[in-house]
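**Student:** Shown below is the structure under consideration.
Only the coordinates and a few stated rules stand behind these numbers; no lab work does. None of these values were measured; they are calculated from a predicted model. No Cβ is skipped: glycine too gets one built from the backbone with ideal geometry, and neighbour counts run over all protein chains shown.
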Amino acid sequence: MLLVVGVYLVAGNLANGVGGKAVGLAKGAVPAAYQALVQKWGNLCDAINPALLAAQLYQESGFNPKAQSPAAAQGIAQFIPGTWATHGLDGDGDGDRDVWDPNDAIPSAASYDCKLASYVKDVPGDPTANMLASYNAGAYAVIKYGGVPPYKETQNYVKTITTLSESFAAPTSRVDPSEQAAGAIAYAQKKLGTLYLWGGNGTADQGGRFDCSGLTKAAYASVGITLPRVANDQYNAGPHPSRGELLPGDLVFFSDDLTNSRAIRHVGIYVGGGYMINAPRPGAVIRFDPIDTPDYFGATRVTEDGAKALPKTV
């Protein structure tokens, strides 16, 4: 689905400072350049929150303001040109409406979500689920069925976005442990001593060798969870425990830019005691390494639903 937007501002919200929900964003989950925009406009109405808006933008473009799809959808929110021409919002008040400018596109994405929510505001059930269902199936279907309609595609869409949003929200309580964590660690332990290979997926033609994200992907594949191939997308496969809450099996990430998960360059599997199993670099072997380094970014507790919710490409 393309994130097409319309111009709609919920009455009074802008005058009241565009606020209301206290949903924080996980550390670095949204690039620093867009974090304030997402936090502000994600509070535009009660049906959305910053994490939900972040999930939509990530699914559509991976936060790439220059993204363009084969269907000619454009920008960070993937607007269809004809829709933008009619409904694009001058979000920053600079006198133009630029589909390639996140300062316009992000506010417009939020306003469209709120417009859909207003259409189905009298429908029973969760207003966010009804809004997402309206985005996928149309407001009429939501009104007709008195909530999320019995369409598999729509039900999956609602579940996907709401699940993905958990990856962008700062946890407010302890994150539940993963049932598959032990199996993933066991797989990685069997690969200790294996020589690193850039782009390695552990296949026979590669001599069973891995790079960092190839190892983590294979480890979780061994317990039935399919992760994306690259580390910065693996970061979005579940919620984010703090350093003090780490459990064996959590993925741990490293970056030279601690404000932007899209800049993550390395991942390992936490095993406890401040150590991880990782495929560190060319010329080295899969080994144990400490995680408490200046480039430590954060961690993800992989969940099956979280991994399934991730887009195939961003």
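**Student:** Output the relative contact order of segment 106-168, whole-number percent, from Cα pairs under 8 angstrom with separation of 6+ residues.
**Tutor:** 25
**Student:** Using only Cα atoms and rounding to the nearest 10 degrees, what angle (0 to 90) does helix 50-61 make with the longest principal axis of the chain?
**Tutor:** 80
**Student:** Work through the residues other than PRO102 whose Cβ is under 11 Å from its Cβ and net out their charges, Lys, Arg +1 and Asp, Glu -1.
**Tutor:** Residues close to PRO102 contribute a combined charge of -3.
**Student:** Right, something else. To the nearest 20 debye, what is the magnitude of the charge dipole of segment 115-208 about its Cα centre, counting +1 on the Cβ of each Lys and Arg and -1 on the Cβ of each Asp and Glu?
**Tutor:** 80
**Student:** Arrange the peptides 267-279, 24-36, 168-180 so that the one whose residues have, on average, the most other Cβ atoms within 10 Å appears first.
**Tutor:** In decreasing order of mean packing, 267-279, 24-36, 168-180 become 267-279, 24-36, 168-180.
**Student:** Compare the peptides 200-208, 236-244 by average per-residue count of other Cβ atoms within 10 angstrom and give them in order, highest first.
**Tutor:** 236-244, 200-208
**Student:** Would you mind checking the tilt of helix 127-137 against the longest principal axis of the Cα atoms of the chain, expressed as 0 to 90 degrees and rounded to 10?
**Tutor:** Once rounded, the angle reads 90 degrees.
**Student:** So, one more: Just list whichever of LYS27/LYS152; LYS27/LYS308; LYS152/LYS191; LYS121/LYS217; LYS121/LYS159 have alpha carbons separated by over 31 Å in the model shown.
**Tutor:** The answer is LYS27/LYS152; LYS152/LYS191; LYS121/LYS217.
**Student:** Extending each Cα 7 Å along its Cβ direction at LYS144 and ASP126, get the distance between those two points in nm, one decimal.
**Tutor:** Result for the modelled spin labels: 2.3 nm.
**Student:** Between ALA71 and TYR151, how many nm apart are label points set 7 Å from Cα along the C-beta direction?
**Tutor:** Placing both labels 7 Å beyond Cα along the Cβ direction yields 1.3 nm.
**Student:** Where in segment 265-308 does the label zone of ALA170 land, with the point 7 angstrom along Cα→C-beta and an amide N cut-off under 18 Å?
**Tutor:** Inside the label zone: 297-301.
**Student:** Once you have the Cα-Cα distance between ALA85 and ASP292, take 0.36 nm times their residue separation minus that, and quote the gain in nm to one decimal.
**Tutor:** Result for the pair: 69.6 nm of gain on full extension.
**Student:** To continue, here is another question. Can you give me the distance in nm between label points at ASP305 and GLN206, each placed 7 Å from the Cα along the Cα-to-Cβ direction?
**Tutor:** Once both label points are built, they end up 3.1 nm from each other.
**Student:** Hey, can you rank 53-64, 129-140, 78-89 by average C-beta count inside 10 Å, highest first?
**Tutor:** Listed from highest to lowest mean packing, they are 53-64, 129-140, 78-89.
**Student:** Can you give the helix-only mean residue ellipticity at 222 nm for the chain, where every DSSP H stretch with n ≥ 4 adds -39500 (n - 2.57) and the sum goes over all residues, rounded to the nearest 500 deg cm²/dmol?
**Tutor:** -10500 deg cm²/dmol
**Student:** Then there is this: If you add up the charges near GLN180, with Lys and Arg at +1 and Asp and Glu at -1, over every other residue whose beta carbon is less than 14 angstrom from its beta carbon, what do you get?
**Tutor:** Value of the local net charge: -2.
**Student:** Output the relative contact order of segment 81-121, whole-number percent, from Cα pairs under 8 angstrom with separation of 6+ residues.
**Tutor:** This gives 30 percent for segment 81-121.
**Student:** In whole Å, how far is the Cα centre of segment 223-283 from that of segment 72-101?
**Tutor:** If we compute the Cα centre of each part, the gap is 35 Å.
**Student:** Using Cα-Cα distances under 8 Å and only pairs 6 or more residues apart, what relative contact order does the chain have, in percent?
**Tutor:** Normalised by residue count, the contact order of the chain is 17 percent.
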